[in-house]
Amino acid sequence: MIRIENLWYRYSSGENWVLKNINIFLNDGEIALLVGPNGSGKTTLAKAAVGILSSFYGGEIKGKIVVNSVNILEKPEEAFKYVGYVGEDPEVQLVTLTVRDEVTFGPSNLGLPLKEVFERAHWALNVIDSMKLMNRVIFELSGGEMQRVAIASILALKPRVLILDEPSAFIEAPLVRKLYGELRKIADEEGISIILIEHKLDQALKIADKLIILRDGEVVSQRNIEELSFNEILKYQPQERIREKVSGGVRKRKGSSSKAIVKLQNVWYRYPRSQKYSLKNISLNIAKGVKLGILGPNGSGKSTLIKIIAGILKPSKGYVTKHNDLKVGYVPQNPTLSFTRPTPYDEVYETAKNMGVREPKAETWRILKLLGLGRYSKKPVLHLSFGYRRRLSLASALVGKPDIVLLDEPTAYLDFEGKTVLAEILNNIAKQLNTTLIIASHDTWFISEVCDVAVLLYDGEIKFEGETSELLKIPSLESFGVEKPFNVRGHY
Amino acid sequence: MLLWLLEKIRVAFTYSKDKTLLTKAHVGLKFISLALFFIAVSLVNSLNEVFILATYLALLVLMSQRLKLFYESTLAVAVPIGLLGFFTWIFSPYGLFTYETFNYVLTLVLRMYVLATSFLIVFSTTNPTQLADFLEKHGVPFTLTQSLILTWRLIPLVLKDIIESIMSVRLRRFGITKALIPVTAVAIERANRVSETLYIKGLGFRAKRTHTTKPGSMFYGVILVLAATLLLTIVLIS
C-alpha cells in the first residue's frame, strides 16, 4: 500500500513546482499505470517515492508519501526496504559484473543470512523467468536482458511497492507481454503494489487496475480501469489511427536501381570475450536516398550492424565498402555522447562551420526550427529532456548535409507524440535533403512509418530483406520477436 | 590508431568469466602474489633477471588456460610501452647506439611489459565482488571495496563511451579532444545514476553486509604466492 498526500516538489534551481499537489492511493496488490507526456513529472514522482529526490537533488518537497506506516519523506533511509525502483536506463543500474552478484547485491546489503540471500535471488529471477541468466556476465547481456536483471535485482529486496519506469523501452513485444503477466502474478500473489510508468499502453492496460494521468506535474485523472468506457480506453489506445496510417502507407522502394553507396560483403562480427558471433555473414547494398529500417528483437545485432556501417566497429570477417567522400551522420543510442558545446545553437552552428556549410547561421536556424528546437536554442544541452537531446543530436548530424544518417534505437524513451513527431521529421528530411536514412529499432510501428525498405535481423542473421510493406505481411513475423505494427496499439 | 588502442584496452579490462585455474585461485593470495611480483619487478635492473621474472607471466598464462587473454593484454600494452621505450631510447644519456642504451631500454620495456600484462591477466580473471567480499571480511570498509567494484565495472563502459564519442565528433569534423566534453558529461550523469542505484539497493544502511562469494582455491593461490616469493628471493639474492 502506498499513499501519496499533497505532494509538492521543486528543484533548487527552479522557481516552478515540478510536482503539484499529487494525491495517489494504491492498495496492496494493485497496479497503477502512470502515464503522461515527456516532461510531465512521472520520473520525478517515482524518485520522490523512493526517497532519493531530496537526498540527491535538494530542492523543496512538501506532503507525505506513506508506505507501511512509514513516511518516506521523513525517513528516506527506510525507503529501500519498502519501495523498489527500476529506472529508465538498465545498464547504469547494474553495479556488479555478473548477474548472480547483481541479484544478490540488494539482499546482501540487508545483512540477511546467506541462504535467504540466494533464496531471494532465485525467486526474483524465477519470477521474471530469467533463471537461465544467473551465470551470465553483465557485459554479455542485451538491453532487454539487462532490463530483466535490473528488475530482478530490485525484486530480490522484496519491496512492498515496485515502481517501473518504462520497462518496455528495450524489450520486444512478446517479452513485454510475458513480463507484464509476471507483474500481475506478483501483485496478486505477493500483494506488491506496482506503479508502471509507460508510453506503450496496450499490454499495460490489460494488467492495470488504475490509470493515472499526469500533466505538467499535476494528476489530471485517476480512475479505476473498469470505470473507463470503451471510448475512453480507445483514447489511450489509438490503434485505429495507427492501422489507417500503416494500411495507407505502402511505399515504393526508392533508389533501388541506383548504385550502392555502402556495401557490406559477408560481414561477421564477434564481441571480445564472447563465444558467439553477433553478426553472421551479412551482405547488404544500401542505395542513395533509401530509408532502411533494421528491425529485430533485442540482441539480434541491430546496434552492432549500425556501428559497423558507421565505422565504430570493424568487422571480424568480411568487408564494408563506402565511397571515400561519403559524409556520414551518426545519432548514437545515448545522444549526449555527441554534444561538444553548451547550447543547441552552438552545437549545430559549430558543426555547420566544421562541415563547410555555406551560411552556417541561417542553416543552423533552419535545422533547429525543422526539428522543433528553435525555442530551446539557448538552453543548456544537459537541461534538455532525452527526447530533445535526440532531436539535437539529429540536428547536429544533419546540418552538414550528410549522404547517410544512422540512428540507433531513436524511439527509446519517447512518448507516442515524440515518436510521431520524429517520424514526420525524418520523412521530411529524407524528402528535402535526399539523405539516406538507416534506422535500427525494435519498434515496428516507427520503422513502418519511416522506412521504405527493411531488413529483419534475428540472431545476427538477415532473415528478410525487401520492402517494409512486404516484411509486415510475413505471417510468422512474431516468431522472430517482432510485433506487427497494428498490434503496437496504445501509446501515450 | 587511438580508437584501436582504446578498443584493445577496453577488451583487456573486460571481465572473463571462463572457469580456469586462475579464476579458481584464492583471490587474496592472487593479489598478494601480484604485489610480491610488483616488488620483484621494481627491484630488477638486468636483462637476465627480467627474463627470469617472465616465468611468473608464463605461469599466469598457463593457469589462465587462454592464450587469447595473453594476446589481448599484449595488444593493450604494446603501444604505450613501445612509446615509453622509444622516448627512453631517444633521451638516453648513454648515446643512441650504445650497448648500455639498448640494455637499459630493453630492460625497462620488458619490466613494464611483464608487469602490465600480468596485472591485466589477473585483473580480467578476477570477479571484483569476490575481492570486495574478501577485503570486507578483513576489515576494509565497504565504501572502499564498492568503489573498487564500480571502477572495475565502469572502466570498459567509459572506454566504450569514449570510442563512441570520438566517432561521433570525428564524423562532424571536430577535433577528437572535443570528445572529452560529452564523455565527461555522460560520466557525471552516469555516476549520479549509479549512486542513486546504490542508495535504492540499500548499500550502507546496514552495518553488516552478507558476503555471497568464497575466496577461491587455496591450492592455486599458494602456487602463485610461492612462485612470486621464489622470484623475489632470486632477485634479492642476485
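Annotations for the structure displayed:
- Some residue of the stretch A:46-64 being under 19 Å from the mean Cα position of the chain (by Cα) and not in a strand (DSSP E or B): yes
- Pairs where the first residue, in the stretch B:132-148, is within 14 Å of another protein chain (Cβ to nearest Cβ) and over 14 Å from B:His26 (Cα atoms) and the second is outside any helix (DSSP H, G or I) and of a type in the set (Lys, Arg), C-beta under 9 Å, 6+ apart: B:Glu136/B:Arg209; B:Phe142/B:Arg209
- Count of residues meeting criterion [within 7 Å of another protein chain (Cβ to nearest Cβ) and either under 23 Å from the mean Cα position of the chain (by Cα) or surrounded by 17 or more Cβ atoms within 10 Å (Cβ to Cβ) (or both)] in the stretch B:157-176: 10
- Residues of the stretch B:177-222 that turn out to be assigned to a helix (DSSP H, G or I), away from chain A (no Cβ under 14 Å) and crowded, with 18+ Cβ neighbours inside 10 Å, as a count: 2
- Qualifying residue in the stretch A:312-334 (condition: free of Cβ contacts under 8 Å to residues at least 60 places away in the same chain, aromatic (Phe, Trp, Tyr) and within 23 Å of A:Arg389 (Cα to Cα)): no
- Considering A:Glu102, A:Glu172, A:Glu145, the condition of being farther than 25 Å from A:Asp28 by Cβ, assigned by TED's automatic domain parsing to the domain that holds A:Gly36, over 16 Å from the mean Cα position of the chain (by Cα) and of a type in the set (Asp, Glu) is satisfied by A:Glu102 alone.
- The residues on offer are A:Leu157, A:Leu164, and the sole one that is modelled with pLDDT of 85 or more and touching a Leu at 6+ places or on another chain (Cβ under 6 Å) is A:Leu164.
- Tallying residues that are within 26 Å of A:Ala412 (Cβ to Cβ) and either among the aliphatic types (A, V, I, L, M) or at the interface with chain B (Cβ under 9 Å from one of its Cβ atoms) (or both) within the stretch A:103-143 yields 14.
- Considering only residues in the stretch A:322-356 that are facing chain B (nearest Cβ under 7 Å) and part of a loop (DSSP other than H, G, I, E, B), the one that is nearest to the chain's Cα centre (by Cα) turns out to be A:Asn334.
- Qualifying position, being more than 20 Å from A:Asp415 (Cβ to Cβ), in the same structural domain as A:Thr43 (by TED's automatic domain parsing) and at pLDDT 90 or above, among A:Ile192, A:Ile212: A:Ile192
- Restricting the stretch A:8-35 to residues that are within 12 Å of A:Gly217 (Cα to Cα) and among the charged types (D, E, K, R), the residue that is modelled with the highest pLDDT: A:Lys20
- Inter-residue pairs, beta-carbon under 8 Å, first assigned to a loop (DSSP other than H, G, I, E, B) and in the stretch B:85-112, second aliphatic (A, V, I, L, M), 6+ apart: B:Ser92/B:Val105; B:Leu96/B:Ile90
- Criterion (away from chain B (no Cβ under 14 Å), at pLDDT 85 or above, out of contact with any Cys (no Cβ under 6 Å at 6 or more places or on another chain) and buried (at least 24 other Cβ atoms within 10 Å of the Cβ)) met by exactly one of A:Leu284, A:Leu392, A:Leu305: A:Leu305
- Filtered by the rule that a residue be among the acidic types (Asp, Glu) and free of Cβ contacts under 8 Å to residues at least 60 places away in the same chain, the stretch A:117-172 gives A:Glu119, A:Asp129.
- Every residue from the stretch A:357-385 that is under 25 Å from the mean Cα position of the chain (by Cα) and not in a helix (DSSP H, G or I): A:Leu371, A:Gly372, A:Leu373, A:Ser377, A:Lys379, A:Pro380, A:Leu384, A:Ser385
- Restricting A:Thr351, A:Thr343 to residues that are under 25 Å from B:Arg190 (Cβ atoms), crowded, with 24+ Cβ neighbours inside 10 Å and modelled with pLDDT of 90 or more narrows the list to A:Thr351.
- When A:Thr420 is tested against (1) crowded, with 22+ Cβ neighbours inside 10 Å; (2) touching an Asp or Glu at 6+ places or on another chain (Cβ under 9 Å); (3) free of Cβ contacts under 8 Å to residues at least 40 places away in the same chain, just one condition goes unmet, and that condition is (1).
The values are calculated or read from the model by the stated rules, or taken from the named source; none is laboratory data. If you're wondering where the values come from, they're calculated on a predicted model, not measured in any experiment. Note that each Cβ is placed from the backbone with ideal geometry, even for glycine, and that neighbours are counted across all protein chains shown.
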